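Just so you know, all these numbers are worked out from the coordinates, no wet-lab data involved. Please read these numbers as outputs of a predicted model, since none were measured by experiment. In this analysis, Cβ positions are derived from the backbone assuming ideal geometry, glycine residues included, and neighbour counts consider all displayed protein chains.
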Amino acid sequence: MNEPHPTPARAGGRGVVLGRGLRLVCPRCGTRPLFRGWFRMHDRCPACGLSFVRDPGFYLGSIYINYGITVIVTGALYAALVLGAGLAAEAALAVSVAVAVLLPVLLFRHARSLLLALDSTVNRHDDAPTEALPHAGGMLPDRQLTALAGDDATAGCLMGAVLALIILFGLGMALAAIFFSAAATPSADDPGTVLTGSR
């Protein structure tokens, strides 16, 4: 008799599942890789059978993870180069733009893997066996519908909080850039400033 596939809750807690996401392995069993190339995913885990296929547009959510990490890394890099290393703003900007172009490509697989891991920790009831009611036209019972609706509400709140943090970080970086550019601009009252248009 075949053993039932372990669900994420039985296979480990949220930290374990997210750790599997960072290692690019199946979030349920943690034994097999998600990808068969740099950009192509397996359809399902050959070890536990978990399907990696989701609804159309699901993996677009990985863009938010990728964008958030890229914004944080490039913002911190720019600040470190200008404030810490004393690099000219133009040179620091060039390095940051190069990193902002390359980093999303390098993070593509990790962003997708983390999104799948997050989905596995939030939508815990998707792995539960469905109990379709034959007399109800194959509809799920109210108990399972309620559980799935609760999972979706949790996922929506989590994504909203992540997006709010990304927006706040972006606004903070914009304010910091305005502050430092204003501080670096010489004042007209500065006697060392040469005004080229006045005689």
| request: Go through segment 41-54 residue by residue and turn each phi into a ³J(HN,Hα) via Karplus (6.51, -1.76, 1.60, θ = phi - 60°); whole Hz please, and just put x for glycine and proline. | output: 9, 5, 6, 8, 6, x, 8, 10, x, 4, 7, 8, 7, 10
| request: For an R0 of 22 angstrom, estimate the FRET efficiency from the Cβ-Cβ distance between Phe58 and Trp38 and round to the nearest 0.05. | output: 0.65
| field | Sequence-distant residues sharing a close amide H with Val25 (under 5 Å, placed H) | value | Leu34
| request: Mind listing the long-range amide H neighbours of Leu50? Cut-off is under 5 Å, sequence gap 5 or more, other chains count too, H placed in the peptide plane at 1.01 Å from N. | output: Cys45
| task | Would you mind checking which residues have amide H under 5 Å from Met41's amide H? H placed 1.01 Å from N; only 5 or more apart, or other chain. | result | Arg36
| Tell me, Cys48, Cys26, Cys157 in order of fewest to most beta-carbon neighbours within 10 Å? | Cys157, Cys48, Cys26
| Packing-based order for 60-70, 36-46, 110-120, using average beta carbon neighbours within 10 Å, highest first | 110-120, 60-70, 36-46
| note | So for R0 = 25 Å, FRET eff. of Ala89-Leu171 from the Cβ-Cβ r, to 0.05, ends up at 0.80
| remark: Going fewest to most other Cβ atoms within 10 Å around each Cβ, Ser96, Ser51 line up as Ser51, Ser96
| Residues Val71, Val105, Val17, sorted so that the one with the fewest Cβ neighbours within 10 Å comes first | Val105, Val71, Val17
